[in-house]
Amino acid sequence: MQEIAPNVFIENNSLGMVTGVIRTEAGSVLVDSPSRQDDVRSWRSGTAKLVMGEPKFLISLDTNYDRILSSKGTSCVIITHRNSLTVPRTRAASQKSADENLGSNDPYDSQVSSLRWIPPEIVFDSSLSLHLGEMDLLLEHHAGSNTSGIWVILAQQKVIFVGDTVVVDQPPFLAYADLAIWQEDLKVLASRRYKSYQIVSARSGIVSVEQVREMNKLIGAIRSLLTPLIDRQAALEDYYELIPKIMKRINYLSATEELCANRLRWGLTTWYEQNQKVMKEA
């Protein structure tokens, strides 16, 4: 694990997740957890060396598949946004072919698929403050990249965990996104409010303000591509035609091309289904 600020640690895991540990006098806080059972065991072992006893809280930063199924390997109080209670508990067959992680060639192996969703003990709406000894954590709801998205803000340490709000050299997660809100979130993140903060992406580790701005440009470009399709109520197949156009805007590794395309396909499929449901209910 890497200590990026006093008592604040991050670690890269095999499925492309960057998890966090915040050490406090009143118990430690986990920010996300690995998806594979083997990773969970080794991660807990490493965490035990940093803290005394079991961690107190696990904060799941959104409802992407690898997060909501990773909480089984922990034994602490789970905190999520209230919207997490309404997301699907299992993965549809059509989604299993789509890669949500770029850290493995086989992300849906038995170690991942055998995990099950554990409901949270604590949920909140707009914000939640945790006062643990001398450490203060502010959890804020930011629904751009995910309807259940959470930022964990450590003002004293100048660290902010932003989940999938920012990803570098890989496609964004579109399934439960609101692109307009996402751009507003990114503007806030790049503003003076978080000047001198270390910004921790759940997929890319510490990212720069310039990378936040580049992410905003990417989301804006995707909005421009989607708008005409939304206006004419296009079929799902028309959305799939956007995948190569989006891919051209991402500096992905050639070895991950298929995985990137699959992530976009899964995201567009789920996003389309969610929006079709909303339109039918309107």
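The values are calculated or read from the model by the stated rules, or taken from the named source; none is laboratory data. Just so it is clear, the model here is predicted, and its values are computed rather than measured. Glycine also receives a Cβ, built like all others from the backbone with ideal geometry; neighbour counts cover every protein chain displayed.
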| task | Could you check, for the range 169-177, whether at least one of its residues is touching a residue at least 60 places away in the same chain (Cβ under 8 Å) and at positive phi? | result | yes
| query | Any idea which of 27, 20 is modelled with pLDDT of 90 or more, buried (at least 16 other Cβ atoms within 10 Å of the Cβ) and of a type outside the set (Ser, Thr, Tyr)? | reply | 20
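What tally of residues in the range 136-160 results from selecting those that are part of a strand (DSSP E or B) and not β-branched (Val, Ile, Thr)? Lay out the reasoning, then the answer.
Here is the first cut: in the range 136-160, the residues part of a strand (DSSP E or B) are 136-141, 150-154, 159-160.
Filter once more, keeping what is not β-branched (Val, Ile, Thr): 136-141, 151, 154.
Here the count works out to 8.
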| note | Filtering the range 240-278 down to residues that are farther than 25 Å from residue 213 by Cβ and of a type in the set (Val, Ile, Thr) yields 269, 270, 278
| request: Report, by residue number, each residue of the range 198-218 that is assigned to a helix (DSSP H, G or I) and among the aliphatic types (A, V, I, L, M). | output: 209, 212, 215, 218
| message | Considering only the range 184-197, I want to know if a residue exists there that is in a strand (DSSP E or B) and in contact with a strand residue (DSSP E or B) (Cβ under 6 Å, 6 or more places away or on another chain). | response | no
| Only one residue in 208, 254, 204, 224 is among the polar types (S, T, N, Q), within 17 Å of the chain's Cα centre (by Cα) and at negative phi. Which one? | 204
| query | Filter the range 220-260 for residues that are in contact (Cβ under 8 Å) with a residue 60 or more places away in the chain and of a type in the set (A, V, I, L, M); which is surrounded by the most Cβ atoms within 10 Å (Cβ to Cβ)? | reply | 259
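When the residues of the range 109-133 are narrowed to those that are among the hydroxyl-bearing types (Ser, Thr, Tyr) and either at positive phi or at pLDDT 90 or above (or both), which ends up surrounded by the fewest Cβ atoms within 10 Å (Cβ to Cβ)? Talk me through it step by step, then tell me what you get.
Initially, the range 109-133 is screened for residues among the hydroxyl-bearing types (Ser, Thr, Tyr), giving 110, 113-114, 126-127, 129.
Then keep just the ones that are either at positive phi or at pLDDT 90 or above (or both); that gives 126-127, 129.
Details: 126: 9, 127: 12, 129: 11.
Taking the candidates together, the pick is 126.
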| field | The lone exception for residue 186 - which of (1) within 24 Å of residue 61 (Cβ to Cβ); (2) modelled with pLDDT of 95 or more; (3) over 15 Å from the mean Cα position of the chain (by Cα) it fails | value | (3)
| field | Every residue from the range 191-213 that is within 23 Å of residue 174 (Cβ to Cβ) and in contact (Cβ under 8 Å) with a residue 40 or more places away in the chain | value | 200, 201, 202, 203, 204, 205, 207, 211, 212
